[in-house]
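Colleague: Dropping a structure here in structure tokens format, bear with me for questions.
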Amino acid sequence: MKTSFDLHALEYDSWYDEHSKVFDSELAAINKVLAHTHPEQRSIEIGVGTGRFAEGLHITYGLDPSIEMLKITRERKIICTQAVAENLPFKEKSFDIVLMVTVACFLTNPHQAFSEVYRILKPDGRLVLGMIDRNSELGKTYEKKQQENRFYRYARFRSVEEISEFLHEACLREVTTVQTLFRPLEMIENAEPVKYGYGEGGFVVISAIKEKHDS
């Protein structure tokens, strides 16, 4: 069965053109914690969508359940796989970096998904997770208008504390948290600042490391 992401993939992708400064802000926040990535490290974006972030962050591989989204991603020269986060078709310890951007709200089984992330990460590998914080003004706005949005209609927005608990249970240790998008999206005309921590910005990025005891 085709989802909204399959039926409206081009519309989804064009949102980033219409909100380019929002995208620039989110990209800058992710880059803040990806700054020390080396080209030889093996990287994948889970929930790659149309490949905007993977392309902008030089992520090599992408995975998504939507075949129509992946058609656009392949045009951006990302090596794609169609699958879901809860059942990753990769060997253990095969990636240095896993990126997930606004994916946590769509996971059907977060415990399984983060367990899978842990499994495919190499020892000391990193998960970089970008999310809309449910407790932020942006998160509250998305929730209020959720039924009007064909993409977020079935999403379950989560707080930073909820995601932190999932990461802890999966033995992924948080090392850095940054935030951006401090104003309503329609008011953003220039890239927003990036600050450490969370609680003010609508978009939060968490960097977590696979704990060493599994080596």
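Colleague: Going by the conditions given, is L57 buried (at least 19 other Cβ atoms within 10 Å of the Cβ) and touching a strand residue (DSSP E or B) at 6+ places or on another chain (Cβ under 9 Å)?
Modeller: no
Colleague: Can you find a residue that is part of a loop (DSSP other than H, G, I, E, B) and within 16 Å of T102 (Cβ to Cβ) anywhere in region 21-44?
Modeller: no
Colleague: Return yes or no: is G51 free of Cβ contacts under 8 Å to residues at least 24 places away in the same chain, of a type in the set (G, A, S) and surrounded by 15 or more Cβ atoms within 10 Å (Cβ to Cβ)?
Modeller: For G51, the condition - free of Cβ contacts under 8 Å to residues at least 24 places away in the same chain, of a type in the set (G, A, S) and surrounded by 15 or more Cβ atoms within 10 Å (Cβ to Cβ) - is not met.
Computed from the coordinates by the stated procedures, all read-outs in this text should not be read as laboratory data. The structure presented is a predicted model; accordingly, all values stated were derived computationally and were not measured. Neighbour counts are summed over all protein chains in view; Cβ atoms, including those assigned to glycine, are modelled from backbone coordinates with ideal geometry.
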